[in-house]
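The values are calculated or read from the model by the stated rules, or taken from the named source; none is laboratory data. Quick caveat: nothing in here was measured; it's all calculated off a predicted structure. Every residue, glycine as well, gets a Cβ built from its backbone with ideal geometry; the counts of neighbours run over all protein chains shown. The protein model used for the area step is the full one, side chains on, heavy atoms only, and it has no ligands, DNA or RNA in it. Shrake-Rupley method; radii C 1.70, N 1.55, O 1.52, S 1.80 Å.
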Amino acid sequence: MVLGVLVAAASPAVPASAGYPEFGPPAPQNPATAPAGGASSHGDSASAKTFAEPGPAGAPLTATRATLLAACPTLLHGGDGQLLALCTDVLGQTPAVHLLDRGTGNSLARLSIAKGNLLGGVYAYLDDTDQVVVVDGNRDLLRIAHSRGLFGIWTLRVTQKVSLAAAVAADDSVVGVLAGYDRRVWFITAAGTVGVYDPATGSVNAYRLPAGERIANSLSTVPAGVAVTSDHALYLFAADTPGIPVLRWRQAYDRGPARKPGQLSWGSGATPVFFGPATGTEYVAITDNASPHMNLLVLRAADGTVLCTRPLFTGKPASGTENAPVAAGRSVFLTNSYGYDYPALPDDAGPSVPEDAPFTGGLTRVDVRADGTGCDVVWETGTRSAALPRLSTADGRLYTAVQDGLLGDLDPFYFAAVDARTGAVSDQLLLGSALVNPLQTAGTSRNGVYYQGTVTGVVRIARQ
């Protein structure tokens, strides 16, 4: 179904060779994952949410919607170029892996997996053989391969199943899973377990966070460590020690008095993000849940020293976010999801305070000072990002979906490209209304085509 055509003059395309060196370098490629950019819902194992090719902006655009009758928060693509999605059926809430047609977004093959918690349909990754790695509701670590057989028919199949039951309690569930650079597989659970599976030995070991701490976001890995955000603190674990995960440092943050409207848990809504101007890994960033305005926290990854604490969107009555930062070089891009109306919440989310609030949005860029003495707001706009943006380091644009209009929660959704240097929206294309709600999840880009998961499937945005 073609949703819309952008016919207004768009901003000139930026050639890939021009690049934006201030938004680099990226973290080193993780040898245990697919190429950075499409390896995880956050792009790479550092969770920076960048990609190194131009997006579709700069020309007239068209959007096509594929209806899968499922919410598709995770879109992945690997070295073979195939597009995969982890979706949750609207009816029955059953998660499934889909192989998608890159030309239409329609499903070419589907494989159901055992139902887990709400976040079990969000965080997965592609390994270096382009297999989906995910933990199902039975606490089994799965590797799922795709192949094309007789008459060109695609199939999905489980090639490996490893029980994590020794580390994950029956009443617990895995929230996120990601490979370390040494090929061990790290996982985190809602009840506060940080675990690691070693494929070389078959061992599964775990570290328990302090009693009462829970985890509602994913994890990030770089050569020097594995970062985890609980609902009380940011943690860094050693990435290269055998056996039980070894804690390097813990930094508590202000979790506020309660869950805010527009968030899925009480505490930080951010997966930790590694970035930096020298190696792409020297800093790690999250947001806290301070009241009434959240703060950006940037820490030195080596020792957990706080480099800056910057309140965000202070011109609004309140701010908070369920989105992780986008980060590259010395720049951090953040959205305000305070008041965003999710169609469903986790069973243990608890009440928000206040019970409801309008989604006022906001998008900002904050730069860490060159001397590391703090950070400064470069720009802030009222753009109401309804998706987790992705940054093209080739064309210098943030790609997202926004809500725009005068009807509040009933406003339609638009695909948008935002100039990362100024915050100006350079391209905008109507996508539709409730059936294309992007649920504050990240899209992905492949060969100049942008794919965005929605509450009912996938939208494909391409140049005419």
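Is it the case that D182 is in a loop (DSSP other than H, G, I, E, B), under 22 Å from A36 (Cα atoms) and of a type in the set (D, E)?
On the way: in a loop (DSSP other than H, G, I, E, B): yes; under 22 Å from A36 (Cα atoms): yes; of a type in the set (D, E): yes.
Against the criterion (in a loop (DSSP other than H, G, I, E, B), under 22 Å from A36 (Cα atoms) and of a type in the set (D, E)), D182 qualifies.
Could you give me the residue pairs with C-beta distances under 6 Å whose first residue belongs to the range 363-388 and is assigned to a loop (DSSP other than H, G, I, E, B), whose second residue is open to solvent by 20 Å² or more (accessible area, probe 1.4 Å) and of a type in the set (D, E) wherever it lies, and which are 6+ apart or on separate chains?
Sorted first by the residue in the range 363-388, then by its partner, the list stays empty.
Looking at S331, S337, S352, which one is over 22 Å from the mean Cα position of the chain (by Cα) and touching a residue at least 60 places away in the same chain (Cβ under 8 Å)?
S352
I'd like the full set of residues that are of a type in the set (A, V, I, L, M) and more than 17 Å from L247 (Cβ to Cβ), limited to the range 169-215.
A169, A170, V174, V175, V177, L178, A179, V185, A190, A191, A200, V204
Just wondering, is there one or more residues in the range 426-435 that are over 17 Å from T67 (Cα atoms) and assigned to a helix (DSSP H, G or I)?
The answer is no, given that none of the residues of the range 426-435 is over 17 Å from T67 (Cα atoms) and assigned to a helix (DSSP H, G or I).
Go through the range 405-432 and report how many residues are modelled with pLDDT under 95, hydroxyl-bearing (S, T, Y) and surrounded by fewer than 17 Cβ atoms within 10 Å (Cβ to Cβ).
Of the residues in that region, 0 qualify.
Does at least one position in the range 193-210 carry a residue that is surrounded by fewer than 18 Cβ atoms within 10 Å (Cβ to Cβ) and within 18 Å of W266 (Cα to Cα)?
Checked the range 193-210: at least one residue is surrounded by fewer than 18 Cβ atoms within 10 Å (Cβ to Cβ) and within 18 Å of W266 (Cα to Cα).
Out of all the residues in the range 149-179, which are more than 28 Å from D348 (Cβ to Cβ), in a loop (DSSP other than H, G, I, E, B) and either at pLDDT 95 or above or in contact with a helix residue (DSSP H, G or I) (Cβ under 7 Å, 6 or more places away or on another chain) (or both)?
I153
Quick check, is N323 within 28 Å of L91 (Cβ to Cβ) and in contact with a Gly (Cβ under 8 Å, 6 or more places away or on another chain)?
Yes, satisfied.
Going by the structure shown, is R255 within 18 Å of P325 (Cβ to Cβ) and part of a loop (DSSP other than H, G, I, E, B)?
Yes, satisfied.
Going residue by residue through the range 367-375, is there one that turns out to be surrounded by 24 or more Cβ atoms within 10 Å (Cβ to Cβ), touching a Leu at 6+ places or on another chain (Cβ under 9 Å), over 27 Å from T104 (Cβ atoms) and among the hydrophobic types (A, V, I, L, M, F, W, C)?
yes
Scan the range 187-207 and report the pairs whose first residue is under 18 Å from N217 (Cα atoms) and in a loop (DSSP other than H, G, I, E, B) and whose second residue is of a type outside the set (A, V, I, L, M) and open to solvent by 40 Å² or more (accessible area, probe 1.4 Å), with Cβ atoms within less than 7 Å and a gap of 6+ or a chain change.
Taking only residues 6 or more apart or on different chains, the pairs are A190/N117; A190/R214; A191/R214; G192/R208; G192/R214.
Can you report the number of residues in the range 229-243 which are more than 23 Å from the chain's Cα centre (by Cα) and free of Cβ contacts under 8 Å to residues at least 40 places away in the same chain?
Counting residues in the range 229-243 that are more than 23 Å from the chain's Cα centre (by Cα) and free of Cβ contacts under 8 Å to residues at least 40 places away in the same chain gives 1.
All but one of (1) at pLDDT 95 or above; (2) open to solvent by 10 Å² or more (accessible area, probe 1.4 Å); (3) more than 30 Å from R248 (Cα to Cα); (4) part of a loop (DSSP other than H, G, I, E, B) hold for A344, so report the exception by its number.
Among (1) at pLDDT 95 or above; (2) open to solvent by 10 Å² or more (accessible area, probe 1.4 Å); (3) more than 30 Å from R248 (Cα to Cα); (4) part of a loop (DSSP other than H, G, I, E, B), A344 violates only (1).
Has the range 57-70 got any residue that is open to solvent by 10 Å² or more (accessible area, probe 1.4 Å) and under 19 Å from the mean Cα position of the chain (by Cα)?
Scanning the range 57-70, I find no residue that is open to solvent by 10 Å² or more (accessible area, probe 1.4 Å) and under 19 Å from the mean Cα position of the chain (by Cα), so the answer is no.
Output yes when any residue across the range 316-336 is of a type in the set (S, T, Y), assigned to a loop (DSSP other than H, G, I, E, B) and within 30 Å of E213 (Cβ to Cβ), and no when none is.
Yes, there is a match, as at least one residue in the range 316-336 is of a type in the set (S, T, Y), assigned to a loop (DSSP other than H, G, I, E, B) and within 30 Å of E213 (Cβ to Cβ).
Quickly run through the range 305-316 and pick out the residues that are surrounded by fewer than 16 Cβ atoms within 10 Å (Cβ to Cβ) and touching a Leu at 6+ places or on another chain (Cβ under 9 Å). Show your work before the answer.
Going residue by residue through the range 305-316, those that are surrounded by fewer than 16 Cβ atoms within 10 Å (Cβ to Cβ) are 305-306, 311, 314-315.
Scanning the range 305-316 gives T305, V306, P311.
Would you check which residues across the range 81-91 are open to solvent by less than 50 Å² (accessible area, probe 1.4 Å) and not in a strand (DSSP E or B) and list them?
G81, Q82
Looking at (1) of a type outside the set (S, T, Y); (2) assigned to a strand (DSSP E or B); (3) over 19 Å from A46 (Cβ atoms), which is the only condition L296 fails?
(3)
Filter the range 124-155 down to the residues that are surrounded by fewer than 20 Cβ atoms within 10 Å (Cβ to Cβ) and among the hydrophobic types (A, V, I, L, M, F, W, C) and list them by number.
Matches in the range 124-155: A145, L150, F151, I153, W154.
Report yes if D348 is touching a Gly at 6+ places or on another chain (Cβ under 8 Å) and among the acidic types (D, E), otherwise no.
No, not satisfied.
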